[in-house]
Amino acid sequence: CIDSRIAPLAIVGMEAGDAKIIRNAGARVTDDVLRTLVLANHLLGVNRVLLMPHTDCKMASGDEASMHEAIHAASGLDSRSLEIRTVTDQEAALRSDLVRVRSFPYLRDDLVLGGAIYNVATGALSTVSG
């Protein structure tokens, strides 16, 4: 996720240079995330991926309509042509995203894929399989 409270490398005990980080609002696997994973997997030697959304995420705090309303209230912009990709059930969304990555035909078969939800209150990672 793009939440600045989240320090992905520190959470998993890594340092700068140890991993590639792909961040977006809601930590969802979009077409652009898949494109980036293909490049990382085939050209940068990335062979392990962790999908890691977090608790207390803004994208899990409302539905699409409420997010568009909030954007309109804050800026006057009509953002309804954008898919915000809110999440009502983070575990279910993560399971779906794990399946999406696992079944994507352009990634190497030996890619190691994991999923976990980071709890911002406790610092715990809860493993989710998909």
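The values are calculated or read from the model by the stated rules, or taken from the named source; none is laboratory data. Source: prediction; values computed, not measured. Every residue, glycine as well, gets a Cβ built from its backbone with ideal geometry; the counts of neighbours run over all protein chains shown. Just so you know, the surface numbers come from the protein's heavy atoms only, side chains and all, with ligands and any DNA or RNA stripped out. Shrake-Rupley method; radii C 1.70, N 1.55, O 1.52, S 1.80 Å.
When you go through (1) among the β-branched types (Val, Ile, Thr); (2) free of Cβ contacts under 8 Å to residues at least 12 places away in the same chain; (3) touching a Ser or Thr at 6+ places or on another chain (Cβ under 8 Å) one by one for VAL33, which number turns out not to apply? Going through (1) among the β-branched types (Val, Ile, Thr); (2) free of Cβ contacts under 8 Å to residues at least 12 places away in the same chain; (3) touching a Ser or Thr at 6+ places or on another chain (Cβ under 8 Å) one by one, VAL33 breaks only (3). Just to verify a result, which residue in the range 93-120, among those that are of a type in the set (A, V, I, L, M) and more than 17 Å from ALA27 (Cβ to Cβ), is least open to solvent (accessible area, probe 1.4 Å)? The extreme case among them is LEU107.
Against the test of being modelled with pLDDT under 95, farther than 19 Å from THR127 by Cβ and either open to solvent by 30 Å² or more (accessible area, probe 1.4 Å) or of a type in the set (S, T, N, Q) (or both), the options ALA16, ALA65 yield a single qualifying residue, ALA16. Of all residue pairs spaced 6 or more apart or on separate chains, those with beta-carbon atoms under 6 Å, a first member in the range 103-127 that is in contact (Cβ under 8 Å) with a residue 40 or more places away in the chain and a second member that is part of a strand (DSSP E or B) and open to solvent by less than 30 Å² (accessible area, probe 1.4 Å) are LEU113/VAL49; GLY115/LEU51; TYR118/HIS54; VAL120/HIS54; LEU125/ALA116. Of all residues in the range 48-71, those satisfying the criterion of being more than 22 Å from THR36 (Cβ to Cβ) and β-branched (Val, Ile, Thr) are THR55, ILE71. In the range 1-10, of all residues being touching an Asp or Glu at 6+ places or on another chain (Cβ under 9 Å) and part of a loop (DSSP other than H, G, I, E, B), the one that is modelled with the highest pLDDT corresponds to ASP3. Count of the range 15-30 residues, restricted to those that are charged (D, E, K, R) and in contact (Cβ under 8 Å) with a residue 40 or more places away in the chain, is 1.
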